[in-house]
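To start, the structure itself, in structure tokens.
FYI, it's all coordinate maths here, none of it is from the lab. Not measured: the values here are computed from a predicted model. We place every Cβ from the backbone using ideal geometry, glycine too, and count neighbours over all the protein chains shown.
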Amino acid sequence: MAFIDKVLQVPSYGWADQNGELVKPSVVRLYREAFSRINIFKTKKNWIPFINWFMATTMLPFLYFFLFKFISWPLLVVFIVYSMVIMSTMGTVWFHRYSTHRAFTFSHPVWRVITQNLTLRTFPEEVYVVSHHVHHLKVEKPGDPYNAHAGLMYCMLSDVNHQAIAKDLSEEEYKKVSHFISHTGVQINSYQQYLKWGSIATPQYTVALWILNWSFWYGMFFLTGGHALACTLFSAALFWFVLVRAFNYTGHGGGKAKHVDGIDFDRSNLSINQSRPGWFSGEWHNNHHLYPDSARAGFLPYQIDLAWVYIYCLHKVGAIATYRDLKKQFLERFEIGKEAINVKNVLTKT
């Protein structure tokens, strides 16, 4: 068995059947698996999946006050901008391009900490990073933790059902897996601690950073706009936190081939370049699958890439030491000039 096939905890229904075909569990089976995975009374090794849903649950009071006490048109605009643009963009910068693909490096750890905490904290790094490496190597095959072929809820519940690391890794295998996030500053368990907790990150680090991050940002939001603004932005973070789970379903065409000529150049998988995620957060997903370790994913003139803007600006002020920009390689590979860009098709694509 290849190493990449062993790094994630296999769900009770398995990745594939006896014929090697993708298992597509029913929604009931998926929820049953989810509630089993977050059961910390069953085993403390379930703490990582548990904390994902616990964090979302603790945001619900903020949503209640936003909806029933503070909501207004100006705050609704703030809600949309923070969730759809700011949270999305920084998620792309921190979790996707830096933590997973190491597309750039910071000149000093302080800039890494600032970037990590520039928005409200949601899920632990290892939940995203390790599973995303598997996704790229097994895209749309059995073992892909958010395989679009298995349906929307397969992707929506993947954070607890499919993205936790395996609990029976050897010491050598654990060292390889923990290396995936060693550059992020996360406090990493020793092998003996891993055997106890079933995770890379230590619980104390994860919980302490969560409390400090939320305390700081609630204070800042409150000083800026009172409880109304704070509840609005915490609610916006919850909105992003939940709906981001659907991206790998929609970003891979819902399991169907939806490529558009002149827009989606990588046909080795179902990933597509969508306008909304692209313009709002720099997530030009088909481009990203072509060049996953590029700090820029918006390669064509209309492909605004806010994540790249953040990275480039920090580089200009000296906060980012190095980065990989593979736009030139993309344009040369596909022999694309300005005259070959069909802007009309892009603007009409949803």
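See the values below:
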quantity	calculated
Inter-centroid distance (Cα atoms) of the stretch 1-58 relative to the stretch 77-152, Å	20
Residue-span extension gain [VAL110 to PHE68] - 0.36 nm each, minus C-alpha spacing	11.2 nm
Spatial extent of the stretch 214-315: Rg and Dmax, with the Cα atoms as the point set, Å	16.9, 50
For ALA201, distant residues with modelled amide H under 5 Å away	ASN189
22 Å Cα-Cα reach of LYS328 towards lysines, excluding residues that sit fewer than 8 places from it in its own chain	LYS316, LYS338
Environment charge at ALA103 (Cβ cut-off 14 Å; Lys +1, Arg +1, Asp -1, Glu -1)	+2
Signed unit charges on C-beta, dipole axis of the chain, positive-most listed residue LEU270, PHE234, SER72	SER72
For the stretch 41-165, fraction of C-alpha pairs farther apart than 16 Å, in %	72
Equivalent ellipsoid semi-axes, the stretch 76-133, via Cα gyration tensor eigenvalues times 5, rooted, Å	21, 14, 10
Where only C-alpha atoms are counted, convex hull volume of the chain per residue in Å³	153
Volume of the Cα convex hull of the stretch 163-217, divided per residue and given in Å³	83
Selected from VAL317, VAL260, VAL81 as most flexible by GNM, with the chain as the system and alpha-carbon contacts under 10 Å	VAL317
The stretch 90-166 - percent relative contact order, Cα under 8 Å, separation 6 or more	26
Top of GLY143, GLY14, GLY226 by mean-square fluctuation, Gaussian network on the chain, Cα under 10 Å	GLY226
Unit charges on C-beta of K, R, D, E only; dipole of the stretch 3-348, Debye	480
Relative contact order (%) - criterion: Cα under 8 Å, at least six apart; region: the stretch 1-137	25
Linear extension gain, HIS179 paired with LYS328, 0.36 nm per residue minus alpha-carbon span	50.6 nm
Estimated 222 nm signal from helices in the chain, with DSSP H stretches of n ≥ 4 weighted -39500 (n - 2.57), rounded to 500	-14000 deg cm²/dmol
Cβ-based net charge around ILE311, under 15 Å, with every Lys or Arg adding one and every Asp or Glu removing one	+3
Mean Cα-pair separation over length for the chain, i.e. relative contact order, pairs under 8 Å, 6 or more apart, %	23
Dimensions in Å of the stretch 36-94 - Rg and Dmax from alpha carbons	15.8, 45
